[in-house]
Structures are given as C-alpha cells and as structure tokens.
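What follows is a short report on a single structure.
The values are calculated or read from the model by the stated rules, or taken from the named source; none is laboratory data. These numbers come from a predicted model, not from an experiment. As a convention, Cβ positions derive from the backbone with ideal geometry for all residues, glycine included, and neighbour counts pool all protein chains shown. Accessible surface areas use protein heavy atoms only, side chains included; no ligands, DNA or RNA. Shrake-Rupley method; radii C 1.70, N 1.55, O 1.52, S 1.80 Å.
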Amino acid sequence: MKSAWLGTAIVLIAGYAHPVWAWQGKVIRVADGDSVWVRPKQGGQPVSLRIDGIDAPEICQAGGQAARKALAARLMGRTVQVLPRHQDDYGRTLAAVSLDGEDMGGWMVGQGHAWAYRQGSGAYLALQVQAQTAALGVFADSNALHPRFFRKQHGPCYR
C-alpha cells in the first residue's frame, strides 16, 4: 500500500529547522496577479497561496486586471508544483509556484505583470529591469505605481 506522501519531494531550505514539502496540485482560482488557490493532487481542501518574491498590482489598480488575466490564462486548471517557503504577517502561505518547470514568479515579472518584491535585492530584479527596458505590461506606463505605494495611498481594494 502506498502512503499519501509517496512521490512528494522533501526539500530542505536554509534557515528552516524542518523539511518543507513540495507538492503538486491543480489551480482552481486566480484571485489576482500574485495569489492563487490550488487543490492538492493528494486531495483535501484547496490552499490559498501567494507567489513568493513578487508584488502584482492590486486588482483595482491600473494593471491589476491584466495581471490576473495573464496569470489565469497561464495557470487556470493546470497542475503546478508548489514549494512553500514561509508565511507572511497575515498567515498566508508564500510559495514558489512552477508550471512544467517554469517559475511563475519570474514569468509574471518578466512579462511586466508584477514587480520584484525586494527592490534592489530580489531574485527577480534582473527580469524586472528587462521588462522595464522593454516597456512590458505595467512598465509601459512610466508613472506606474508600485503596489506597496498604491496600498499606502488608497488602502486595500477589498474592504
């Protein structure tokens, strides 16, 4: 008899005292340009995930709808690999999400649908610079406002 975890990779990440389980699941909802709901392949309740390392425009912000549509077109109904990394201050799971080996955080930034989360030191900064240089997505507008500043000025879209 196979156990439920058979075939699931265990990945050790520096700084973690315990193993982090990579798992697969089907994307059943795309909430916005950096948040998805994934139903684990092994069954169980869908998991709300925020793609780690990126910050997509708020849904009510310029570029927000386009970011959600792009991510939905790419992932909706598809099986993805999920590597949980940590939880944010709101208790959400931040995870690397990949489709057929392609990192979706990098894809979103490279397409101009999100900013690298850590300005100046993020893993996706080079992709952001390329998207800005090519004026892709939100970077086509030279006055595009980083979501962090948008939230400070306008608050969250959902109240």
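Below, the figures for the structure above:
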{"quantity": "Number of positions in segment 127-148 that are small (Gly, Ala, Ser) and loosely packed, with under 14 Cβ neighbours inside 10 Å", "calculated": "4"}
{"quantity": "Which numbered condition Tyr124 misses (of (1) aromatic (Phe, Trp, Tyr); (2) open to solvent by 30 Å² or more (accessible area, probe 1.4 Å); (3) over 25 Å from Gly155 (Cβ atoms))", "calculated": "(2)"}
{"quantity": "Qualifying positions in segment 93-115 - surrounded by fewer than 18 Cβ atoms within 10 Å (Cβ to Cβ) and assigned to a helix (DSSP H, G or I)", "calculated": "none"}
{"quantity": "Filter result for Arg118 (among the charged types (D, E, K, R), modelled with pLDDT of 95 or more and open to solvent by 60 Å² or more (accessible area, probe 1.4 Å))", "calculated": "no"}
{"quantity": "Qualifying positions in segment 27-52 - touching a strand residue (DSSP E or B) at 6+ places or on another chain (Cβ under 7 Å), open to solvent by less than 30 Å² (accessible area, probe 1.4 Å) and outside any strand (DSSP E or B)", "calculated": "Asp34, Asp52"}
{"quantity": "Every residue from segment 65-116 that is charged (D, E, K, R), more than 23 Å from Arg148 (Cβ to Cβ) and more than 13 Å from the chain's Cα centre (by Cα)", "calculated": "Arg78, Asp100"}
{"quantity": "Total residues in segment 53-87, condition in contact with a Lys or Arg (Cβ under 7 Å, 6 or more places away or on another chain) and modelled with pLDDT under 95", "calculated": "3"}
{"quantity": "Filtered residues of segment 53-83 (kept if open to solvent by 50 Å² or more (accessible area, probe 1.4 Å), more than 23 Å from Cys157 (Cα to Cα) and outside any helix (DSSP H, G or I))", "calculated": "Arg78, Thr79, Gln81"}
